[in-house]
1. Any chance you could count how many residues in the range 96-148 are loosely packed, with under 11 Cβ neighbours inside 10 Å and of a type outside the set (Ser, Thr, Tyr)?
2. Looking only at the range 115-147, count how many residues are in a helix (DSSP H, G or I) and under 29 Å from Asp44 (Cβ atoms).
3. If only one of Gly42, Gly28, Gly58, Gly17 is surrounded by fewer than 15 Cβ atoms within 10 Å (Cβ to Cβ), over 16 Å from Met125 (Cα atoms) and either at pLDDT 95 or above or in contact with a strand residue (DSSP E or B) (Cβ under 7 Å, 6 or more places away or on another chain) (or both), which one is it?
4. For Ala36, indicate whether it is in contact with a Gly (Cβ under 9 Å, 6 or more places away or on another chain) and not acidic (Asp, Glu).
5. For Glu52, indicate whether it is under 20 Å from Met109 (Cβ atoms) and charged (D, E, K, R).
6. Could you give every pair whose Cβ atoms fall below 7 Å, whose first residue belongs to the range 41-59 and is among the aromatic types (Phe, Trp, Tyr), and whose second residue is surrounded by fewer than 18 Cβ atoms within 10 Å (Cβ to Cβ) and modelled with pLDDT of 95 or more, counting only separations of at least 6 or pairs across chains?
7. Residues of the range 2-22 being of a type outside the set (Gly, Ala, Ser) and at positive phi, which ones?
8. Anything in the range 4-45 that is outside any loop (DSSP other than H, G, I, E, B), under 9 Å from the mean Cα position of the chain (by Cα) and not aliphatic (A, V, I, L, M)? List them, or say none.
Amino acid sequence: MPDKIHLTVATVVEKDGRFLMVEETKFGNQVINQPAGHVEPGEDIVQAAVRETLEETGWEVLITGFLGISTYYASQNGVTYYRMTFVAEAKAHHRDYILDTDIDNVLWMSFDEIVAAEDRLRSEMVLSCIKDYRANHIFPLEIFRNKL
């Protein structure tokens, strides 16, 4: 059963009124998602979000807040995802960074463009997190008690 539960992280990164997003192909469909991925064993949860954002987009980010925990059951593979979403500030872009092979494209999208592409979002968590961010439902990072 534990292999059917996955802990993931994601970042909401806004710059100049646009959000950092990725296109990836999952289960034969190209979908849009925030930079996101799995937490590695023994990895600090906040650093996992920084790492995943860099690996998927080539952007170094600074985590500035926490949006919350979301859950999603993917019927395609029978996995329940527990997703911790962070707010991050774009700091530096590495144009030559070799991105994860799962990433088809890196995009900067306006809120309206994301809403218009709602049928292509990987899950309902994508838009929900952006709406929380826009409503300033952001928790301080002090809620984390990392000892790693």
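The values are calculated or read from the model by the stated rules, or taken from the named source; none is laboratory data. As the structure is a prediction and not an experimental result, all values here were calculated from the model. Note that we place each Cβ from the backbone using ideal geometry, even for glycine, and neighbour counts take in every protein chain shown.
1. If we filter the range 96-148 for residues that are loosely packed, with under 11 Cβ neighbours inside 10 Å, which is where we start, we get 96, 98, 101, 112, 119, 135-136, 140, 142-143, 145-148.
Then keep just the ones that are of a type outside the set (Ser, Thr, Tyr); that gives 96, 98, 112, 119, 135-136, 140, 142-143, 145-148.
Residues meeting the conditions: 13.
2. 14
3. Details: Gly42 fails: either at pLDDT 95 or above or in contact with a strand residue (DSSP E or B) (Cβ under 7 Å, 6 or more places away or on another chain) (or both); Gly28 fails: either at pLDDT 95 or above or in contact with a strand residue (DSSP E or B) (Cβ under 7 Å, 6 or more places away or on another chain) (or both); Gly58 fails: surrounded by fewer than 15 Cβ atoms within 10 Å (Cβ to Cβ).
Among Gly42, Gly28, Gly58, Gly17, only Gly17 is surrounded by fewer than 15 Cβ atoms within 10 Å (Cβ to Cβ), over 16 Å from Met125 (Cα atoms) and either at pLDDT 95 or above or in contact with a strand residue (DSSP E or B) (Cβ under 7 Å, 6 or more places away or on another chain) (or both).
4. no
5. Details: under 20 Å from Met109 (Cβ atoms): yes; charged (D, E, K, R): yes.
Spelling it out, Glu52 is indeed under 20 Å from Met109 (Cβ atoms) and charged (D, E, K, R).
6. Qualifying pairs under 7 Å: Trp59/His93.
7. Here is the first cut: in the range 2-22, the residues of a type outside the set (Gly, Ala, Ser) are 2-9, 11-16, 18-22.
Of everything in the range 2-22, just one residue is of a type outside the set (Gly, Ala, Ser) and at positive phi, namely Asp16.
8. Thr8, Thr11, Asn33, Gly37
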